[in-house]
């Protein structure tokens, strides 16, 4: 539902890449998505030729849209999209396999019920955990349970109807088995990126990135919302400046519902910070590559595991400071030697981690080299998505249809 298409600046590209690879492998593919652009909160011009230049069919499902990532309008909008998806699938020529992202849970449930009714393979790709992630914003006893009960119910149906599971982390790939007694084929494939595209973007934009020779960039890229601990980064920046490290600059790339609040806080703290807002992919990639340290800054209760930005972080070949509590992510960071994990929401710990790397260029170089090797081994879609294509081939061969 949140796929990036055409010349759009924002959106996920996992399903776009999968559709392109499947089409190249000889499958007849339909990519079904929303007519509403989630990231820009606007309706798409669905007749734009840029949306229909792919070697597969793109189908847009109508939904009314919403203004915020978590509000009643979004729930109602997805409910309408789910009904419209069911109507489209019911009127189409039968498919041989359905590969579907979850969330949104109700949209995925309609897709799973369609596949189940035909007895065809249904592969669910677990990209996030709803309603668990939504409790970051609204966690009121009884009230949240009642509000999120439909999301939990839909997730159970999706997981029970699956014939195979792909997760963007080991944690996500295992999650559906809480709701089904039997084992089915499952695998972990990180969200990833296209390493060659990342490198081309860096080369294209590098000359346009202005950075003083004395500056040391500590950078975050991603959503400015409830799960992401930008406040601690801003307070750490102010503390570093108070201690006299005026050349250490905190760069915040991205936007989101809390952007204005974070910008106001940064101004009041008077640290050495800069907000870029959303950047197109080439410029974002170039900024990451010019940075000295990258921060995966999550709040203590954040349920996220190995999220989208990790692919671009490791592609940049820079050391990472991680505050995410996911055991899987912590193990990846520490075992691969690509950075350090510190306690979330701890200003002192973040200051110490930044200064430790600031004062040790040899360590930074080693971590960055290891990160880049990891990007090539496990995050480059050109090779990392091959297991998904193999899984689809097996599911099609084993299907009784």
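Bear in mind these aren't lab numbers, they're just calculated from the coordinates by the rules spelled out. Just so you know, these numbers come straight off a predicted model, no measurement behind them. Counting neighbours? That spans all protein chains shown, and the Cβs are built from the backbone with ideal geometry, glycine included.
Springs join every pair of Cα atoms under 10 Å in this Gaussian network model of the chain, and among 168, 33, 247 the largest mean-square fluctuation is at 247. Relative to the longest principal axis of the Cα atoms of the chain, the long axis of helix 361-374 makes an angle of roughly 10 degrees.
For the chain, modelled as a GNM whose springs connect Cα atoms under 10 angstrom apart, the maximal fluctuation among 286, 201, 25 occurs at 25.
Can you tell which of 78, 52, 38 shows the greatest fluctuation in a Gaussian network model of the chain with Cα springs below 10 Å? Judging by the Gaussian network model, the answer is 52. Calculated FRET efficiency, residue 396 to residue 76, Cβ-Cβ distance, R0 = 51 Å: about 0.90 to the nearest 0.05. Beta bridges from DSSP with both residues in segment 195-379: antiparallel share about 5 percent, rounded to the nearest 5. Between the labelled values [x] -0.51, -1.19; [y] -0.46, -1.35; [z] -0.43, -1.16, the entry that holds log10 I(q)/I(0) by the Debye sum over Cα atoms at q = 0.08, 0.13 Å⁻¹ as derived from this structure is [z]. Angle between the Cα long axis of helix 347-358 and the longest principal axis of the chain, 0 to 90 degrees, nearest 10? That helix lies at roughly 70 degrees to the long axis. Each label was represented as a point 7 Å from its Cα along the Cα-to-Cβ direction; for residue 45 and residue 356 these points are 5.2 nm apart.
Per residue, the chain reaches -13500 deg cm²/dmol at 222 nm when only DSSP H runs of four or more residues are counted, each adding -39500 (n - 2.57). Rounded, prolate or oblate: which fits segment 195-379, taking a ≥ b ≥ c as square roots of the Cα gyration tensor eigenvalues, rounded meaning a/c under 1.5, else prolate when a/b beats b/c? The shape class here is rounded.
Rounded to the nearest 5, what is the percent of antiparallel bridges among the DSSP beta bridges in the chain? Counting only bridges with both partners in the chain, antiparallel ones make up about 5 percent. Applying 1/(1 + (r/R0)^6) with r as the Cβ-Cβ distance of residue 68 and residue 132 and R0 = 22 angstrom yields a FRET efficiency of 0.70. The stretch between residue 203 and residue 28 holds 59.5 nm of extra length on full extension. This uses 0.36 nm per residue minus the Cα-Cα distance. By the count of other C-beta atoms within 10 Å, a proxy for reagent exposure, 5, 16 are ordered fewest to most as 16, 5. Applying 1/(1 + (r/R0)^6) with R0 = 60 Å to the Cβ-Cβ distance of residue 212 and residue 117, what FRET efficiency is obtained, to the nearest 0.05? With R0 = 60 Å, the Cβ-Cβ based efficiency is 0.45. The C-alpha atoms of the chain define a longest principal axis, and helix 105-118 lies at about 30 degrees to it.
Relative contact order, whole percent, for the chain stands at 13, derived from Cα pairs under 8 Å and 6 or more residues apart.
Ranked for footprinting exposure by Cβ neighbours inside 10 Å, fewest first, 374, 195 give 195, 374.
Using a simple spin-label model with pseudo-atoms 7 Å out from Cα toward Cβ, residue 91 and residue 178 lie 3.8 nm apart. Here 98, 29, 59 are placed in order of increasing Cβ neighbour count within 10 Å, fewest first, which gives 59, 29, 98.
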